[in-house]
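This report concerns only the one structure given below.
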Amino acid sequence: MSNHLHDAIYDRHGNAPAFYEHFHKLLAKCMNALRGRWENFFSSEQVCVVRLATTQDLIDKLAYIATNPVNDDLVERVDEWPGAAGHRALVTGASLRATRPKHFFARNGTMPEEVELRLTIPSELGDRDLIVAAVRARVEDIERERARERTSAGRRVLGRYGVLRQSWRHSPTSREPRRNLRPTIAARSLWARLEAIQRKREFVVAHRRARLALLAGSPISFPSGNVLAASFHVRRRRGRRKIELMRLT
């Protein structure tokens, strides 16, 4: 459960890939320094990013993130999970605080000594209190359902202290499914799913057209949502074509 992470973000300014790149890079380097390890910290596979089409899909995924350890029989309740988690902070409105790791960042560097993060529901997605209440209710339902299943099957959870006693060197013994589907859209509603798929197709077509125009020397604007550049400028220098990347501002 602690060899990967789940997060739910609202990408208002189209910075998600840059955020993932920076966050995952710092986290990997920091943890490798802590454990005295080298090479890859995360899998070399592409980050799995799923677009949530509706408010109900958001509620489902927030509950799924919170109840991961419960569904895997590690703890009985979400609040018993000893690892990093944001459900309580989201529900109560309390801030998460973290201090700068001394083993990695320089004392006189630019990284702040302490950072604070407040989890909330952006106003664009709906009423914060209603969504949080729905997430809390769904989490409680899942906790009760899993408790009934364990009672019927005669299973017990590993428990908080059992989780903490495990070595960080341990790895799963079961085989991970390979070559399975990697969805990029989550939508209960058929029509919402079809609409999201169509928008993605239109983006791919527009992006491909802009890329071909760029390579042909007649650049056009890339579609909204292109991550690294708002526009490309092609010019010739010393008999060669040079492509300059202009970052989004």
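For segment 129-148, residues that are touching a Lys or Arg at 6+ places or on another chain (Cβ under 9 Å) and open to solvent by 100 Å² or more (accessible area, probe 1.4 Å) total 0. Out of 88, 97, one residue alone is closer than 26 Å to residue 163 by Cα, open to solvent by 60 Å² or more (accessible area, probe 1.4 Å) and in contact (Cβ under 8 Å) with a residue 12 or more places away in the chain. It is 97. Among the residues of segment 64-85, those that are among the aliphatic types (A, V, I, L, M) and either in contact with a Cys (Cβ under 8 Å, 6 or more places away or on another chain) or open to solvent by less than 30 Å² (accessible area, probe 1.4 Å) (or both) comprise 66, 70, 75, 78.
With respect to residue 126, determine if the residue is under 24 Å from residue 77 (Cβ atoms) and either open to solvent by 60 Å² or more (accessible area, probe 1.4 Å) or of a type outside the set (A, V, I, L, M) (or both).
Considered against the rule, which asks whether it is under 24 Å from residue 77 (Cβ atoms) and either open to solvent by 60 Å² or more (accessible area, probe 1.4 Å) or of a type outside the set (A, V, I, L, M) (or both), residue 126 comes out as no.
When the residues of segment 149-171 are narrowed to those that are of a type outside the set (Val, Ile, Thr) and farther than 20 Å from residue 81 by Cβ, which ends up most open to solvent (accessible area, probe 1.4 Å)? Restricting to residues being of a type outside the set (Val, Ile, Thr) and farther than 20 Å from residue 81 by Cβ, the top hit is 169. Output yes when any residue across segment 184-191 is open to solvent by 70 Å² or more (accessible area, probe 1.4 Å), modelled with pLDDT of 85 or more and assigned to a loop (DSSP other than H, G, I, E, B), and no when none is. Yes: segment 184-191 contains one or more residues that are open to solvent by 70 Å² or more (accessible area, probe 1.4 Å), modelled with pLDDT of 85 or more and assigned to a loop (DSSP other than H, G, I, E, B). Checked across segment 12-26, the condition of being assigned to a loop (DSSP other than H, G, I, E, B) and at pLDDT 90 or above holds for no residue.
Applying a threshold of 7 Å to beta carbon distances and a minimum spacing of six or more residues, or different chains, the list of pairs starting in segment 59-77 at a residue that is part of a helix (DSSP H, G or I) and ending at one that is open to solvent by less than 10 Å² (accessible area, probe 1.4 Å) and small (Gly, Ala, Ser) is empty.
So, in segment 200-249, of the ones that are at pLDDT 85 or above and among the β-branched types (Val, Ile, Thr), which residue ends up most open to solvent (accessible area, probe 1.4 Å)? Top of the filtered list is 205. Has segment 35-54 got at least one residue that is open to solvent by 90 Å² or more (accessible area, probe 1.4 Å), among the hydrophobic types (A, V, I, L, M, F, W, C) and in a loop (DSSP other than H, G, I, E, B)? Taking every residue of segment 35-54 in turn, at least one turns out to be open to solvent by 90 Å² or more (accessible area, probe 1.4 Å), among the hydrophobic types (A, V, I, L, M, F, W, C) and in a loop (DSSP other than H, G, I, E, B). When 158, 119, 125, 90 are screened for being within 30 Å of residue 37 (Cα to Cα) and out of contact with any His (no Cβ under 8 Å at 6 or more places or on another chain), only 158 passes.
The values are calculated or read from the model by the stated rules, or taken from the named source; none is laboratory data. Since the model is a prediction, treat every value here as computed from it, not as a measurement. Neighbour counts run over all protein chains shown; Cβ positions are idealised from the backbone, glycine included. Only protein heavy atoms, including side chains, enter the accessible area calculation; ligands, DNA and RNA are left aside. Shrake-Rupley method; radii C 1.70, N 1.55, O 1.52, S 1.80 Å.
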